[in-house]
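A.B. asks: Pasting a structure here, questions to come.
Rule-based calculations on the coordinates, nothing more; no lab input. For clarity, every value in this text was computed on a predicted model and none was experimentally measured. Please note: Cβ atoms are built from the backbone with ideal geometry, for glycine as well, and neighbour counts cover all protein chains shown.
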Amino acid sequence: MAPIIQQLVEAIYSEPRAGRLMPVRIELGPDLFRQFQRDHREAMAAMLPEAGDVYPGSLAGVPVVEIATPGAVLVRLDGGRVGLTLPE
């Protein structure tokens, strides 16, 4: 699994482990979002070659969206925002 995918999955599942609900979304700046899409497509193709070009819009049931500003943010149900450190 690609490092960005691993780190996003860990960030998502760390929320319920800490007693919080699953996040409502992950926001990624343009470079990270493109990397996420590329890595997600490669992982899906390796697992399900017949799936073709799947649009990677979520991970572990959490929407992953592109934002204009650089960086990565986990958005909680209460509106709280947690900055994430991801490989670029």
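A.B. asks: For Asp31 and Val65 in the same chain, what is the full-extension length gain: residue separation times 0.36 nm, less their Cα-Cα distance, in nm?
C.D. replies: Residue separation times 0.36 nm, minus the Cα-Cα distance, leaves 11.0 nm.
A.B. asks: I've got another one for you. Apply 1/(1 + (r/R0)^6) to the Cβ-Cβ distance of Val24 and Ala45, taking R0 = 25 Å, and write down the FRET efficiency to the nearest 0.05.
C.D. replies: Between Val24 and Ala45 the formula returns 0.35.
A.B. asks: How much mean residue ellipticity at 222 nm does the chain get from its helices, if each DSSP H run of length 4 or more adds -39500 (n - 2.57) and you divide by all residues, to the nearest 500 deg cm²/dmol? Walk me through the intermediate numbers first.
C.D. replies: Numbers: 2 runs with 33 residues, N = 88.
Result for the chain: -12500 deg cm²/dmol, rounded to the nearest 500.
A.B. asks: Let me ask something else. Say the dipole of the chain comes from +1 at the beta carbon of Lys and Arg and -1 at that of Asp and Glu; which of Pro23, Gly80, Pro3 then lies farthest toward its positive end?
C.D. replies: Looking along the dipole axis, the top candidate is Gly80.
A.B. asks: Let me ask another. Using a simple charge model, +1 on the beta-carbon of Lys and Arg, -1 on the beta-carbon of Asp and Glu, nothing else, what dipole does the chain show about its Cα centre, in debye to the nearest 20?
C.D. replies: In total the dipole reaches around 280 debye.
A.B. asks: Another question, if that's okay. What order do you get for 26-37, 74-85 when each peptide is scored by the mean count of other beta carbon atoms within 10 Å, highest first?
C.D. replies: 26-37, 74-85
A.B. asks: Using only the Cα atoms of segment 21-80, build the gyration tensor, take square roots of its eigenvalues as a ≥ b ≥ c, and label the shape rounded, prolate or oblate: rounded if a/c is under 1.5, else prolate if a/b is larger than b/c, else oblate.
C.D. replies: Oblate is the answer for segment 21-80, as a/c is 1.5 or above yet b/c matches or exceeds a/b.
A.B. asks: Counting Lys and Arg as +1 and Asp and Glu as -1, what is the net charge of the other residues whose Cβ lies under 14 Å from the Cβ of Gln6?
C.D. replies: In short, -3.
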